Amino acid sequence: MKKILVITSTRPDVIKLFPVIRQLRRTKDVKIVHLHTGQHAELADDIFQDLDLKPDIDLQIMQPEQTLNQLMTNLMEALGPKIAELIPDLTIVQGDTTSALAGALSSFYAAIPVAHVEAGLRSHDMQNPFPEEANRKMISTLATWHFTPTLLATNNLLAEGYAKNTIVQTGNTIVDAVQAISKDTKNDIPLPYLLITLHRREHIGAPLEQICEALKQISEKFPAYRIIIPMHPNPQVRQTIRSSLAGNKQIQLIEPLQYPEFLSYLKNCHVVITDSGGVQEEAMVLQKPLVVVRKTTERMEAIEAGYAKLVGVETDAIVKAISQILTDEKQYDLMIAQEDLYGDGKAAEKIVNALF
Ligand code: UDP
């Protein structure tokens, strides 16, 4: 019997590890211990309900307005004794959160091998996204197994000198999750609408204000479109969005949506505008034209294929790019993904097969 410690911390990594946990449950002679750090308490509770998951351990590490230092310190203090008590045969972490890094480091200190899901993503800019680019590079250093979503990610790791036989290209588990959760449901929002998500730490302040100004201008220029923004719980993000956009009749500021509902909003929208990582991938799976409001992205596959536009955070550039998509039908049609850029929905199966 092998004991596998699976560490989750935020909504996106619960979503992306859900297919792996499900696959491990179907595997003989495996005992899973699901530890949730609770880095974003508000969002994760809903997601557990949606995915029918119940962590074995919940560290509830979230404290209001905690700094990255405090978060890292609290994580290391909590994880050390837990890992010493559990002595797993393997730890699985996902992505680039501070919890994933703390999980990898604590496991490494305890001489426990680490498998990294969604390995090899790189923006090649340590400030964007911050601190995620640094987190994922450090996790790569600590990991024994690197499960990459795409060839680009595999090549990033090879270029950094990681051994070929430690890298397994599996596709991204988000495709598995979308396939399992997304239903053909219609929602009752009047069409057509643009769906927006914004939350990046490095956008708080001027960049987020510029993005909101662009959305305001789009609402004036294109009164036929509604703009729907499920707001991330981060108080600073909410405050900026509210102060620039509240009261605009065309713009709906709503609470975060449960995952199946969010996928239904995504499936029925006209264009997606986001600074999120996961939403960039989901937009491709659900064949939606995508505008990435960031300076850099580690998900270049969609940009290179022409299905997404990377437009930065300047108001004029954002307005120009969205206007073009909304007025040029040919351009719009070219942005509907015609291939599986991020995986075939069997990533979890490939990960578990590689491990056992
Ligand atoms: N999401 C959700 N409800 C919402 C907004 C987003 O369930 O109201 C999901 C979305 O489908 C995606 C994930 O949350 O899978 C993305 O999370 P976030 O943008 O917080 O993080 P990132 O992917 O940038 O790490």
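Every number here is computed from the coordinates shown, using simple stated rules; none is lab data. Fair warning: this is a prediction, and the values are worked out from it, not measured in the lab. Counting neighbours? That spans all protein chains shown, and the Cβs are built from the backbone with ideal geometry, glycine included.
So which of LYS330/LYS350; LYS2/LYS164; LYS183/LYS350; LYS249/LYS309; LYS267/LYS330 end up more than 32 Å apart, counting from Cα to Cα?
LYS330/LYS350
What is the extension gain from SER243 to THR166, computed as 0.36 nm multiplied by their sequence separation minus the C-alpha to C-alpha distance, in nm to one decimal? Please report the intermediate quantities before stating the final value.
Working: separation 77, 0.36 × 77 = 27.72 nm, distance 4.83 nm.
My answer for the length gained is 22.9 nm.
Is region 28-79 rounded, prolate or oblate when judged by the Cα gyration tensor, a ≥ b ≥ c being the square roots of its eigenvalues, rounded requiring a/c under 1.5 and prolate requiring a/b larger than b/c?
oblate
Restricting attention to region 1-31, which trypsin sites (Lys or Arg not before Pro) occupy a DSSP loop and are surrounded by at most 11 other Cβ atoms within 10 Å?
The qualifying sites are ARG26, LYS28.
State the volume of the convex hull built on the alpha-carbon positions of region 250-356, expressed per residue in Å³ and rounded to an integer.
Spelled out: Cα convex hull of region 250-356, divided by residues, is 131 Å³.
Angle between the Cα long axis of helix 68-86 and the longest principal axis of the chain, 0 to 90 degrees, nearest 10?
40
Taking Cα centroids, how far is region 240-308 from region 41-106 in Å?
Computed from Cα coordinates, the inter-centre distance equals 26 Å.
Looking at the P(r) of region 228-304, how many percent of alpha-carbon pairs lie beyond 20 Å?
36
Counting other beta carbons within 10 Å of each Cβ, put MET62, MET1 in order, fewest first. Display every interim value, and only then the final one.
Working: MET62 17, MET1 7.
By the 10 Å Cβ count, ascending, the order reads MET1, MET62.
From the convex hull of the Cα coordinates of the chain, what is the mean projected area in square nanometres?
Here the figure is 16.5 nm², rounded to one decimal.
Which angle from 0 to 90°, rounded to the nearest 10, does the C-alpha axis of helix 132-142 make with the longest principal axis of the chain?
For 132-142 against the chain, the angle is about 20 degrees.
Kindly identify region 28-176 as rounded, prolate or oblate by the Cα gyration tensor criterion: order the square roots of the eigenvalues as a ≥ b ≥ c, call it rounded if a/c is under 1.5, otherwise compare a/b with b/c, prolate if a/b is larger, else oblate. Walk me through the numbers before you get to the answer.
On the way: a/c = 1.44, a/b = 1.28, b/c = 1.12.
Because its axes are fairly even, with a/c under 1.5, region 28-176 counts as rounded.
So if I place +1 on the C-beta of Lys and Arg and -1 on the C-beta of Asp and Glu, and nothing else carries charge, what would the dipole magnitude of the chain be about its Cα centre? I want it in debye, nearest 20.
320
Quick check on region 125-219: take the gyration tensor over C-alpha atoms, sort the square-rooted eigenvalues as a ≥ b ≥ c, and tell me if it's rounded (a/c under 1.5), prolate or oblate. Walk me through the intermediate numbers first.
Working: a/c = 3.41, a/b = 1.48, b/c = 2.30.
Judged from the Cα gyration tensor, region 125-219 comes out oblate (a/c at least 1.5, b/c at or above a/b).
When HIS34, HIS203 are ordered from fewest to most other Cβ atoms inside 10 Å of their Cβ, what list results? Working shown, then result.
Working: HIS34 21, HIS203 24.
Ordered by Cβ neighbours within 10 Å, fewest first: HIS34, HIS203.
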